[in-house]
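S.K.: Before anything else, here's the structure in question.
The values are calculated or read from the model by the stated rules, or taken from the named source; none is laboratory data. Keep in mind the model is a prediction, meaning the values are calculated, not measured. Positions of Cβ are backbone-derived with ideal geometry, glycine not excepted, and every protein chain shown enters the neighbour counts.
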Amino acid sequence: MTTDSPLSRRAFLGSATAAFAAAPFLLGAPQAAAGSLTVNDRSLPASLSVIPRPALLTPTGGPPFQLTPHTAIVVRHPDPAARQAAEQFAELLRRSTGFPLPVQDESGSPQAILFAVSDEPTGAEGYRLDVTPGLVAIRATAVAGLHYGAQSLRQLLPPETESTTVQARPWPIPAVHIADEPRFVWRGAMLDVARHFFGVTEVKRFIDVIAAYKINRLHLHLSDSQGWRLEIPSWPRLATYGGSTEVDGTPGGYFTQADYQEIVAYAAQRFITVVPELDMPAHVNAALASYPELNEDGVAPPLYTGYKGIQVSLAIDKDITYRFAEDVLTTVAGLTPGPYLHIGGDEALATTAADYRLFINRIQQIVQTLGKQVVGWEEINTADLAPGTHVQYWADVKKARAAVAKGGKLIMSPCKQAYYDQQYNADTPIGLNWAGYTDVQDAYSWDPGSCIADVSETDVLGPEAPLWTENIRTDADVEFMTLPRMPGLAELGWSPVAGRSWDEYRYRLAAQEPRWTAMGVGYYRSTEVPWQ
Ligand code: NGO
């Protein structure tokens, strides 16, 4: 492993560091609706340690609900998708309890878990959850809310619920009332499958972890200089040649269209929208190596397997570049039901400012013609942003502010807190550290709604944690870098800011550990967390 900063970023970070110093992250700005909240605290038992912290969680006392072989799951919701949400929850519980848990429309059982429509509106993702001795009721206006209610319920059950084999034990659910809805619409995690390739099974494992914490966007970084990871039938060498290697020169790989669709469907069942990124006009060596005509001089460079960023660009003034862009974006748009296409746009250091603007404006038009919304890294602020453009802040508050001034909405990925490719500390072996160490507390202690002075919460879509993979090579590496940081990001994206405290949160975080162990998922055993 090497921890040198990539040169491009070393230069770039001069201004970013100054900007951070001038705008410290603000914490604890009170929210209007916060007064009535019951906040989990250290005195609550581990069985109530729900992450993200619900807006309102009240233990109601009294005996728990006991899940038994006679429990049925009853669906009473007009949306047919409600049954799928219930079925998915039942499937999870069947593995560990061994109970039949039939999903049905009517309750023939004295003991039921109800997935029902709510009388009072709960919004696009909110829900109510009531646990009493005879009934567990999740009620929501929208099916997404039922799904999120079920995720909270999972965490109220014993950790063994997450086991993939049958566990003989009682299954109590403590009596509570929860009324909950998210603060932000965008709660994202990014996986870079370009620097090191991760296949369908590995991506599904990643989805399993983020879904448990109500994350609702999976940003897949599908192309970079070190690899092109999606089959494009009209440009086959992108995947077969451009995807053949990865950082370190080990064999790469790519998603066939069917693979990609399998991931999209798996994510959608968990209410996660895939945001595909094809990074342009820089970070494209794999494409340039696959097709000489995309190069300014018509000469294909060799494949690149180093870990540092290299300065390359698509030929901005060639028509073929835009035919290429249109073809690949049309292909990915056709495979992606979600509304977003991420066009990258970061670190175009080999492209002049004027060329860059021209390029991004043309790409934006292509994306609009495809009926999709543009997402791009903060550098796209210099282009003419179309309405609805999402801009991903990562290092420079000035660029983020400029994007907002042009009507862009921000996805917050501050590299010092949300880049999960950064090492926890000097003793953890995996990761880069050009943005500084990001321990578990750092990753939790910022606020997406107020982390950039002069940007108001209404211009913020929510947080996202990018996991770049220059030196993250295996599933185990991904898990080590993701846990225990990712639940914190989920909480920043979901929970009210009032009452948030690391000192309280770290106990709830510690209570998650037996769940990860039951799931067979690895994590970094940080000394900051009071593990049980
Ligand atoms: C930067 C760069 C990526 C690197 C990452 C490593 C952005 C947006 N571009 O973030 O290519 O992989 O840092 O931390």
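Residues checked against (1) of a type in the set (Asp, Glu); (2) at pLDDT 95 or above; (3) assigned to a loop (DSSP other than H, G, I, E, B); (4) within 15 Å of the ligand (Cβ to nearest atom):
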residue: Glu347; (1), (2), (3), (4): yes, yes, yes, yes
residue: Phe359; (1), (2), (3), (4): no, yes, no, no
residue: Val367; (1), (2), (3), (4): no, yes, no, no
residue: Leu385; (1), (2), (3), (4): no, yes, yes, no
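S.K.: Working only within the range 392-410, note down all residues that are in contact (Cβ under 8 Å) with a residue 40 or more places away in the chain and within 15 Å of the ligand (Cβ to nearest atom).
M.R.: Across the range 392-410, the qualifying residues are Gln392, Tyr393, Trp394, Ala395, Asp396, Val397, Ala400, Leu410.
S.K.: Tell me yes or no: at least one residue of the range 211-221 is more than 17 Å from the chain's Cα centre (by Cα), crowded, with 24+ Cβ neighbours inside 10 Å, in a strand (DSSP E or B) and within 16 Å of the ligand (Cβ to nearest atom).
M.R.: No, the range 211-221 contains no residue that is more than 17 Å from the chain's Cα centre (by Cα), crowded, with 24+ Cβ neighbours inside 10 Å, in a strand (DSSP E or B) and within 16 Å of the ligand (Cβ to nearest atom).
S.K.: Would you point out the residue of the range 414-436, among those that are touching a residue at least 40 places away in the same chain (Cβ under 8 Å) and hydrophobic (A, V, I, L, M, F, W, C), that is farthest from the ligand (Cβ to nearest atom)?
M.R.: Only one residue fits best here, namely Ile430.
S.K.: Can you run down the residue pairs with Cβ atoms below 7 Å, 6 or more apart or on separate chains, where the first is in the range 60-75 and in the same structural domain as Val117 (by TED's automatic domain parsing) and under 18 Å from Glu91 (Cβ atoms) and the partner is modelled with pLDDT of 95 or more and basic (Lys, Arg)?
M.R.: Val75/Arg83
S.K.: Continuing with this model, one more query. Just a yes or no: is a residue in the range 478-485 in a loop (DSSP other than H, G, I, E, B), in contact (Cβ under 8 Å) with a residue 40 or more places away in the chain and within 15 Å of the ligand (Cβ to nearest atom)?
M.R.: Yes: one or more hits.
S.K.: Which of (1) in a loop (DSSP other than H, G, I, E, B); (2) closer than 30 Å to Gly227 by Cα; (3) within 21 Å of the chain's Cα centre (by Cα) is the odd one out, the single condition Pro466 does not satisfy?
M.R.: (1)
S.K.: So the check is Cβ under 7 Å with 6+ separation or different chains; which pairs have a first residue in the range 173-202 that's closer than 20 Å to Thr273 by Cα and a second one that's hydroxyl-bearing (Ser, Thr, Tyr) and away from the ligand (no atom under 16 Å from the Cβ)?
M.R.: Glu181/Thr122; Arg183/Ser495
S.K.: Within the range 155-206, can you find the residues that are buried (at least 20 other Cβ atoms within 10 Å of the Cβ), β-branched (Val, Ile, Thr) and in contact with a Gly (Cβ under 9 Å, 6 or more places away or on another chain)?
M.R.: Ile178, Val193
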